[in-house]
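Any read-out appearing in this document is the output of simple, stated calculations on the displayed coordinates, not a laboratory observation. Quick caveat: nothing in here was measured; it's all calculated off a predicted structure. Glycine gets a Cβ as well: all are built from the backbone with ideal geometry, and neighbour counts include every protein chain shown.
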Amino acid sequence: MDDRFTVTAAGFATYEEASRRNVERFIGTAQVPIGLAGPLEIRGQAARGTYHVPMATTEGTIVASTCRGMRVLNDSGGCETRVTRRGGIQRAPVFRFGGYDDAIEFARRVEADWKQLAAPMEATTRHGKLTDVRCFVQGQYVHVRLSIDPGQASGQNMVSVAAAAAVELLRTWEPQAERVYMEGGLSGEKVSSNLNVLLGRGRAASARAVIPGDVLRETLRAEPSDLVELYQLYTTSNLWAGTKNSHAALINVLPAIFIATGQDVAAAPGSCMAQTLIRYDAAEDTVDWQVLCPNLVVGTVGGGTALPTQAEALASLGCAGPGEGNADALAEICAATALASEVSFLGAICAQEWVAAHAKVRKR
């Protein structure tokens, strides 16, 4: 067991002062158990080395299962990770016009001259940079989707303040809007959004391992062919059910890491818009297993990251504070941990051990 992270016994007064920006009418803290999942070998661009990942959860077996998946990845040479896209954080104010023609003309002007919005928006923040503006016309309404690169912050509040400055300027442009709402639903904030998967929100991180069949049989007691069949069933059933993902259980892992490291847990639904890819090479008897997370909304500064326990958790991962690449490292760690969980979870189902493991924990 790694001893670099032990929860600080911060008292009431310490948290009352530290959380002044995070909560109103403070009365105390809700203590959620934190377990360490690890070790996990990661060969990433921003995250490189051996990690023990703090996970705050009240669901028994989650940390143990993730540790088992990590052992599979380690025995396969470790996990390869990359941040493949930084989609920024969005706000999408909506403008109402008197008629279709004015709406279309306004949208055309915004998309042609959007760089004029950079100066007023970036003046509201030390770190944010305007990266993209796209308009979506719905009849007489125009949704203006503003994207800001928030640096090492998650950036939701940052983009809201910056968007307000943009709206003030856009109100003066011709044609002028009859009414403006600061958000019309196309930012995809805190919801599952296909638009964000395609255009980007937060960081897109991928994790991959090529797992020998013998490792799966020995550690998971699962046959590679069964794992591939189960994955295909999950994918087909999700299509029938109308769900948007092919993963099995990222919602167990990401909120646990988010709570432990001070992330906005309300960003979990969007962050869990992810896909699992599994390919079995019968000749080599290996399973190429990947988890693709296109919308991880994470940060290492701002929000709850400065709270005592959460700051300690981030420090234990080596990605606390505003250092360049820290948020990329956290995103890669999230993706790698999610991959470990997927491997163990599907393996437990194939080995007929999933329900028995939960029942055993309930009896402790």
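Mind checking which aspartates and glutamates have their Cα closer than 17 Å to the Cα of LYS244? Skip sequence neighbours fewer than 8 apart in that chain.
Partners found: GLU189, GLU342.
How far apart, in nm, are two points set 7 Å out from the Cα along the Cα-to-Cβ line at LYS190 and at ALA282?
With each label point 7 Å from Cα toward Cβ, the separation is 5.0 nm.
What is the sum of charges around THR305, taking Lys and Arg as +1, Asp and Glu as -1, for the other residues whose C-beta is under 13 Å from the C-beta of THR305?
Summing Lys/Arg as +1 and Asp/Glu as -1 gives -1.
Among ALA123, GLY151, ALA162, flag the residue with its Cα farthest along the positive direction of the charge dipole of the range 93-187, charges on Cβ as +1 for Lys/Arg and -1 for Asp/Glu.
GLY151
Is there a quick way to get the dipole size of the chain? I mean about its Cα centre, with the Cβ of Lys and Arg at +1 and of Asp and Glu at -1; what is the value in debye to the nearest 20?
Charge dipole, the chain, about its Cα centre: 580 debye, nearest 20.
Label-point separation (nm) for THR84 and ARG48, each offset 7 Å from Cα along Cα-to-Cβ?
Calculated label separation equals 2.1 nm.
How big is Rg to Rh over the chain, alpha-carbon atoms, Rh as the Kirkwood inverse-mean-distance radius?
Values: Rg = 22.3 Å, Rh = 21.8 Å.
Answer for the chain: 1.02.
If you average the sequence gap of Cα pairs under 8 Å that are 6 or more apart and divide by the length of the range 93-187, what percent do you get for the contact order? List each step's numbers first, then the result.
Numbers: 153 pairs, mean separation 39.4, N = 95.
Relative contact order for the range 93-187 comes out at 41 percent.
Under 13 Å between alpha carbons, and skipping anything fewer than 8 positions from LYS115 in its own chain: which aspartates and glutamates qualify?
Those aspartates and glutamates meeting the cut-off are ASP132.
For Cα pairs less than 8 Å apart in space and 6+ apart in sequence, what is the mean separation divided by the residue count of the chain, i.e. the relative contact order in percent?
This gives 23 percent for the chain.
When you count, for each residue, the other Cβ atoms within 10 Å and take the mean per peptide, how do 17-24, 163-170, 74-81, 329-336 rank with the highest first?
Top to bottom by mean Cβ count within 10 Å: 329-336, 74-81, 163-170, 17-24.
Highest GNM mean-square fluctuation, the chain, Cα pairs closer than 10 Å: which of VAL265, VAL83, VAL63?
VAL265
Which aspartates and glutamates have a Cα less than 14 Å from the Cα of LYS190, not counting those fewer than 8 places away in the same chain?
ASP264
Stick to the Cα atoms of the range 93-187, pair each with every other, and give me the Kirkwood hydrodynamic radius in Å at one decimal. Walk me through the numbers before you get to the answer.
Numbers: mean 1/r = 0.0755 Å⁻¹.
One decimal place: 13.2 Å for the Kirkwood radius.
Could you tell me how far the Cα centroid of the range 295-339 sits from the Cα centroid of the range 14-49, in Å?
Their Cα centres are 9 Å away from one another.
In deg cm²/dmol, rounded to 500, what helix-only [θ] at 222 nm does the chain give when every DSSP H run of at least 4 residues adds -39500 (n - 2.57) and the total is split over its residues?
When only DSSP H runs of four or more count, the value is -11500 deg cm²/dmol.
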